[in-house]
Amino acid sequence: MWRNLETKYTDAQWCRFNGDTTRLYKSPRSSSSMVLCALNRQLLRSSSCCALMARLQTSSRRRCCLYSSTQGFNQEEIRQKLRVFPGGSVDLLKQDSGVAVLTINNPTRMNAFSGSMMVDLEEKVSQLENWTEGKGLVVRGAAETFCSGSDLNAVRAISSPQDGMKMCMFMQDALTRLLRLPLVSVALVEGRALGGGAELTTACDFRLMATGSVIQFVHKHMGLVPGWGGAARLVHIVGSQNALKLLGGAVKVDPERGLDIGLADGVLEADGDTPGAGTPVQQAEDWLHRYTEGPVPVIQAVKKVVLAGRELPLLEALRTEKEVFGTVWGAPANLQALASKSKHK
């Protein structure tokens, strides 16, 4: 970024970035001069950075809404219809570590989503969108089972094509927003993840599978295809050929096969295999730590640029990357790294 860090700078020299010019203080071969330069530039640009962050947050909120009223999407109306079918809950625990745990909690129905749980999920996603101190997220099911999809009682009650489409749009919106959170997320798969539960795993950045667990897209057996965005996300994760096999064959994916095709990113230690390994949730948090260690703004920025690269055309992704880069350049974490003369490891 700097043309020559060993140059003996003088007061007549300038440092330039994104069109800004700020005098570089006299301090030959001193990293502190770069720190002062970056700090000075940051102060000069503080108001514009605030405006930039506001624009980024506004645009992010706009992107989160997949459907509009012109497409028959009335979120509050759908919420009211779904709340008619109660049972279970979706629980959220936000921790001081910056890693939250989201639990699908309906053990008597293998953690299947009731209508009210779908609303719970959307509300918890909204809370996470506003969690400024968050860095990571573990998504799990209660009682050593991940999730078996939709509660059939609710499915039968909203079996009309119109209601089915509304539920589809609601869950697509909620799970897309879950994936777009500025948090690094991992699905902790214990027991079975079936149907909509399998789709839920694809709405996380990573998937960890416990010994004996299974991910299975059983939609074909119900005369359906994924409707919560799972098919589109699955193609991105495992490729079109593997996705076709998993969907067309309703294949049971165990941890070994999951690792082989890229659906799983790791396998948890079985109880007793490794003394002191901890509970599955503890193992998942420890595994996630390597990707969430560091200042919150930096981890969130990493997630944002990855999302841009995955979802946007190249030129727009590059512009987004530039804007996100501008929010961390000269920020406290960057200045601290410069001041400490940290080396790449």
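The values are calculated or read from the model by the stated rules, or taken from the named source; none is laboratory data. This one's a predicted model, so the numbers in the text were calculated from it and none came from an experiment. Quick reminder, even Gly has a Cβ in these numbers, built from the backbone with ideal geometry, and neighbours come from all protein chains shown. To get the accessible areas, we keep the full protein, side chains included, count just its heavy atoms, and leave off ligands, DNA and RNA. Shrake-Rupley method; radii C 1.70, N 1.55, O 1.52, S 1.80 Å.
List of remarks:
- Label zone (A277, point 7 Å along Cα-to-C-beta; backbone nitrogen cut-off 14 Å) within the stretch 238-268: 255-256, 266-268.
- Accessible area of the stretch 296-340 divided out per residue, in Å², using a probe of 1.4 angstrom: 55 Å²
- Most tightly packed first, judged by the mean number of other beta-carbon atoms within 10 Å of their residues, the peptides 161-168, 140-147 read 140-147, 161-168.
- Counting lysine pairs in the stretch 73-290 whose alpha carbons fall under 20 angstrom apart, excluding pairs fewer than 8 residues apart on the same chain, gives 8.
- Inter-label distance, nm, simple model (7 Å from Cα along the C-beta direction), E269/E256: 2.2 nm
- Volume per residue of the convex hull around the Cα atoms, evaluated for the stretch 296-340, comes out as 58 Å³.
- Of the residues F73, F325, ranked by 1.4 Å probe accessible area with the largest first, the sequence reads F325, F73.
- Computed with a 1.4 Å probe on the full set of protein chains, the accessible area for W228 sits at about 10 Å².
- Relative contact order for the stretch 73-290, counting Cα pairs under 8 Å that sit 6 or more residues apart, in percent: 17 percent
- Projected label distance in nm at D96 and R310, using a 7 Å step from Cα toward the beta-carbon: 3.1 nm
- By accessible area with a 1.4 Å probe, ligands and nucleic acids excluded, highest first: order of D260, D254: D260, D254
- Accessible area ranking (1.4 Å probe, heavy atoms, ligands and nucleic acids excluded), largest first, for H219, H289, H236: H236, H289, H219.
- Area accessible to solvent at E321, 1.4 Å probe radius, in Å²: 90 Å²
- Average accessible area per residue (Å²) across the stretch 73-290 - probe 1.4 Å, nucleic acids and ligands excluded: 42 Å²
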